[in-house]
Each structure stands twice: as C-alpha cells, then as structure tokens.
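Reading through the structure tokens given below for one structure.
The values are calculated or read from the model by the stated rules, or taken from the named source; none is laboratory data. In this text the structure is predicted, and so the values were computed from the model without any measurement. Here the Cβ positions follow ideal geometry from the backbone for every residue, glycine too, while neighbour counts run over all protein chains shown.
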Amino acid sequence: MNIIHVSAECYPVAKAGGLADVVGALPKYQNALGHKASVIMPFYYNKFRDAHTFKDIFTGYARLADITYTFNVIIPQDVDFGYEIYLIDIPGLFDRDSIYSYDDDIERFITFQIAALNWLNSWEAPVDIVHCHDQHTGFVPFMMSKVWDYRKFEHVPTVFTIHNGEYQGQFGFEKLHYLPPFHSYYNGLVEWNGEMNPLASAIKCAWKVTTVSPSYMNEISFSMKGLEGLLQLEKDKCLGILNGIDVDVWNPETDPLLDVHYGIRNISGGKKALKDKLCEQFNLNPSKPLFVFIGRLVKEKGADILPDVVYQTMINFPGEQNILVLGSGEQVIEGALLHMEQLFKGNFCSYIGYNEKLSHEIYGGADFLLMPSRVEPCGLNQLYALRYGTIPIVRRTGGLQDTVIDMGDGGFGFCHNECTTHDVLHSVIRAKAFYSDKKNVRAIRKQIMKIDHSWTKAADEYVELYKSI
Ligand code: ADP
C-alpha cells in the first residue's frame, strides 16, 4: 500500500511531544511490513534545517483567501529515516523556528493542508491511504472528499488519529473562505457548535478515526470538551490502537544520547553511573531514590500539583528522596517549581526547558517516573521509562491504565486513581518502601526492560485497519 502520513510534527525533524515520536516511527515499521509509507509535514526553520542539506523536488501554489503562497516541496539529502519525508516549505508562514503558538497558526496550518493536497494532486502514483494526525491536519479528510479541486481523491480512504483531543483548533466561521471552494451544502461538515472545528470535521469526514489507546477512546466518548456526542454518533468507525515506541531510538544499549550504555545484564551498574552523573549535575544525593517528571508543565499532565507534591514530600520525609523535573509550560507552574528549588536545595531540582538529550539521561538514571496526568491519550514517557528500567508511578487514566499494572495486582508499577497530592504521595511512600529491597528492584527492572512495546504490533493493527477500508 502507498500510505501518506500528514502531520505537523515528526521526530527528528520537529518535535513538541509524543505526536512527533509516533509519526517518526510508525512509517518505518509500516515499510518493514512491505508497504510504502511516507510523511508530509511543514518545513520549519529550526535546528534540523541548519544541520542538513535539502533538495527541491516541486514548486506549487497554495491560495488562502486572497493570498497566494508559493511553496516548495523539499527532501533531506544526507539522512535516511527509513521512509520518505516530504517537507513543505512555505516562506511567510513556516520560516520560523517553533512549531506552534503563533497568532496566525490557523492560517499557517490551513495553508499547509492546501499545499499538501495541491502537491498530492500532481502525483501520478496512486495513493492508497491518507493518514492524518491531530487537528492541524483535520480538514484534509473533508477537503479530499468535498473540495472541487481535489475530486480525484474522493474515493481515497482517509484515517484520522486523535493524539490529543484537548486541542480542537476551532475558530470563527468568518474564516470559512480560507478553505478552497466546495458546495455550501457541506458547511456542516466543517463545523461544531457554531464554529469551524478541524478536529470535529476530521471525526465526521475521515473513513476511520483512531485514538492512541483503547482506554482513551472509551474516555473521550464520555468527555472530550464538547465533542463526546459526535464521537458517540461516529463510534462505529472509531477504535483505539495503543502506540508503540521506536526501539531503535529508545534503546539503552545503543542510545547515542547516553554517555553510559546498559542492557538487562548490567542494569544496576549502568543506571547507577547515569544516576551519579545526573545527581552531580543537579546537586542531588545519589544514595537516595530519585523520582522524576518529564513533560509539558500543564494541567493536563497534572504538572500543577507537582510543586505541592514536592513540598509535602520534602516536609514529611526530609532528606529521604530526590525529585527532578524536566519540562516547560505554564509560567505559574515553572515559577512555583523554581521556588521549591530554593526551599529544598540538594533534594529537589528542575530544568525548565526542552532538552532531548537530558530526557534520555533522566529515563536512564532515574529510579521512578511520576505521571500524575489528568488526561493521557497514550503517554510515551512511561513506555520509555519501562525500556530504560525506570519504574512508572501513574494515575489510572487513558494509555497509562492500558500499559502500567500496579505491583499490588502482580504488576511492575505504582498506580493511583486521582490527580491529587494525596494520591501521588501515597504512591511515593509505597515506592520508597519497595526501593529499600534492592533484590526486588533488580528483578522488577529486569522484568520491565523485557516488555515489548515496539511498534511491530501497532503497525500491523494500522495496516489491518487500512485494509478494512
Ligand atoms: P505529549 O502529550 O506531550 O505528546 P507524550 O507522553 O505522548 O506526551 O510524549 C511526550 C514526549 O515528549 C516524550 O518523548 C518526552 O520524553 C518528550 N518531552 C516532553 N517534555 C520534554 C522536555 N521538556 N524535554 C525533552 N523531552 C520532552
């Protein structure tokens, strides 16, 4: 099958979160199954651009209302992803270093979707599946089926994956004319609740809709910021497929971002060396259990309770453990964490920012990973932690519920029900008691490093889904 993924992110070209990891890995595994998967994404003027050379393969035009943008499709020349990647360079809209958070994001991503389809329109090779990811590509299934210019794609099946239903991308109807011409009879397919809504449009128009874990699929059909009713209506074409991880990138035996490598046979030595290095860097005591958090500092991730978790843990159990946070997000959370750092020097530290290398070092060197998420569609951090022998402490929600089994149920992690300081603290206390038995720790680390969360199974499930349509 000729499979086209359309996405705003793809690791290592541009990453803001798990979406990039998924789109960066899934096509590789689909190609390994004998298909031809490729990725279309915007070309950002970021570090990846600075580090590589590129070749132009197409020039086209994308019209947004009364502005016509010239775009180039370019491909990297000096790097092999294991699949083709097509980068759409739209000067004026994407010649910036960040992926999101500009005032004109609506204009940027609609133009990107139009450019992607204009380019696909010029292809001679048949396209078997167009697989779109998250709201930034949400109008593609609609445009493929209803926009006059793209009539050629009317019978090409589309799949839309909801990586995060919290972000719907809605905006006012006065921008309806941004989309290329279609019959006004179909206006209802791009709206929800009186607004243009790319996520809703994708749920209505894609041939199949997936989410990144079965539990999240179930949760959002009851609660997804107003779209739950729509999901219930469309439930026959929806299903949850649990994400995998790229075990070539995330491999503690070979990970180029780690200074020390380890496998199942030398876990303790490897993790200790990495922990010592981390503790030295952040002025923490390496003889104490190290709890970490990696992620966006937003409510969705439960990051707003972290300062209180730190405070209560350090006040109730002074000097008994270390906590390290890597993340960036809401200023008020960042500020509260920096304040905690002043209060609990030597036991708590935070790195505010995005740092891929440090994240790998933390998965390697930590003892426990905290994920108190309120919402977690799949969650990749816990899967990386397992692969690096770090024990997850998670709230039972979404993909966390599908991938982490509590020690009390014969499993390998610590689970709690609520996103509250009380519940996290309770898990921390359990984890510390567990940590005091080194033999158990070694056994569980071995067990979790062996769990197979590679993409092989999920890539196959997606292919079966494609075949069904
Ligand atoms: P999200 O909802 O943010 O996409 P996921 O768990 O699906 O959450 O994926 C998060 C990805 O982003 C993981 O690869 C994680 O290691 C990475 N990540 C998040 N925050 C940071 C950060 N500050 N620095 C480095 N990597 C980060």
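Here are the numbers for this structure:
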read-out: Region 16-42 - residue that is hydrophobic (A, V, I, L, M, F, W, C) and farther than 22 Å from MET144 by Cβ and, of those, farthest from the ligand (Cβ to nearest atom); value: LEU33
read-out: Tally of residues being under 13 Å from ASN2 (Cα atoms), among the small types (Gly, Ala, Ser) and buried (at least 24 other Cβ atoms within 10 Å of the Cβ) across region 19-54; value: 1
read-out: Unmet criterion (only one of (1) touching a residue at least 40 places away in the same chain (Cβ under 8 Å); (2) surrounded by fewer than 23 Cβ atoms within 10 Å (Cβ to Cβ); (3) assigned to a helix (DSSP H, G or I)) for TYR351; value: (3)
read-out: Condition check for VAL13: hydrophobic (A, V, I, L, M, F, W, C) and within 16 Å of the ligand (Cβ to nearest atom); value: yes
read-out: Some residue of region 103-117 being in a loop (DSSP other than H, G, I, E, B) and acidic (Asp, Glu); value: yes
read-out: Qualifying residue in region 48-63 (condition: away from the ligand (no atom under 16 Å from the Cβ), touching a Pro at 6+ places or on another chain (Cβ under 6 Å) and either assigned by TED's automatic domain parsing to the domain that holds ARG108 or outside any loop (DSSP other than H, G, I, E, B) (or both)); value: yes
read-out: Lone qualifier among PHE139, PHE160 - being closer than 30 Å to PRO214 by Cβ and touching a Cys at 6+ places or on another chain (Cβ under 7 Å); value: PHE160
read-out: Test result for ASP460, surrounded by 14 or more Cβ atoms within 10 Å (Cβ to Cβ), of a type in the set (Asp, Glu), part of a helix (DSSP H, G or I) and within 23 Å of the chain's Cα centre (by Cα); value: yes
read-out: Condition check for GLY346: in contact (Cβ under 8 Å) with a residue 12 or more places away in the chain, surrounded by fewer than 17 Cβ atoms within 10 Å (Cβ to Cβ), more than 26 Å from MET217 (Cα to Cα) and away from the ligand (no atom under 16 Å from the Cβ); value: yes
read-out: Leading residue by the ranking (farthest from ARG63 (Cα to Cα)) among those in region 118-129 that are of a type in the set (A, V, I, L, M) and not in a loop (DSSP other than H, G, I, E, B); value: ILE129
read-out: Selected residue (criterion: farthest from LEU297 (Cα to Cα)) from residues of region 349-376 that are near the ligand (Cβ under 8 Å from one of its atoms) and hydroxyl-bearing (Ser, Thr, Tyr); value: TYR363
read-out: Contacts under 6 angstrom Cβ, first residue in region 15-36 being under 9 Å from ALA459 (Cβ atoms), partner within 13 Å of the ligand (Cβ to nearest atom), 6 or more apart; value: ALA25/ASP246
read-out: Selected residue (only one of SER215, SER201, SER223 is within 15 Å of the ligand (Cβ to nearest atom), in the same structural domain as TRP119 (by TED's automatic domain parsing) and either in contact with a His (Cβ under 6 Å, 6 or more places away or on another chain) or hydroxyl-bearing (Ser, Thr, Tyr) (or both)); value: SER215
read-out: One residue from GLY379, GLY398, GLY413, GLY389 being within 13 Å of the ligand (Cβ to nearest atom), surrounded by 21 or more Cβ atoms within 10 Å (Cβ to Cβ) and closer than 21 Å to ASN251 by Cα; value: GLY379
read-out: Per-region count, region 145-173, residues in contact with a strand residue (DSSP E or B) (Cβ under 9 Å, 6 or more places away or on another chain) and touching a residue at least 40 places away in the same chain (Cβ under 8 Å); value: 13
read-out: Pairs, first within 19 Å of HIS163 (Cα to Cα) and touching a residue at least 60 places away in the same chain (Cβ under 8 Å) in region 294-313, second assigned to a helix (DSSP H, G or I) and of a type in the set (D, E, K, R), C-beta under 8 Å, six or more apart; value: GLY295/LYS301
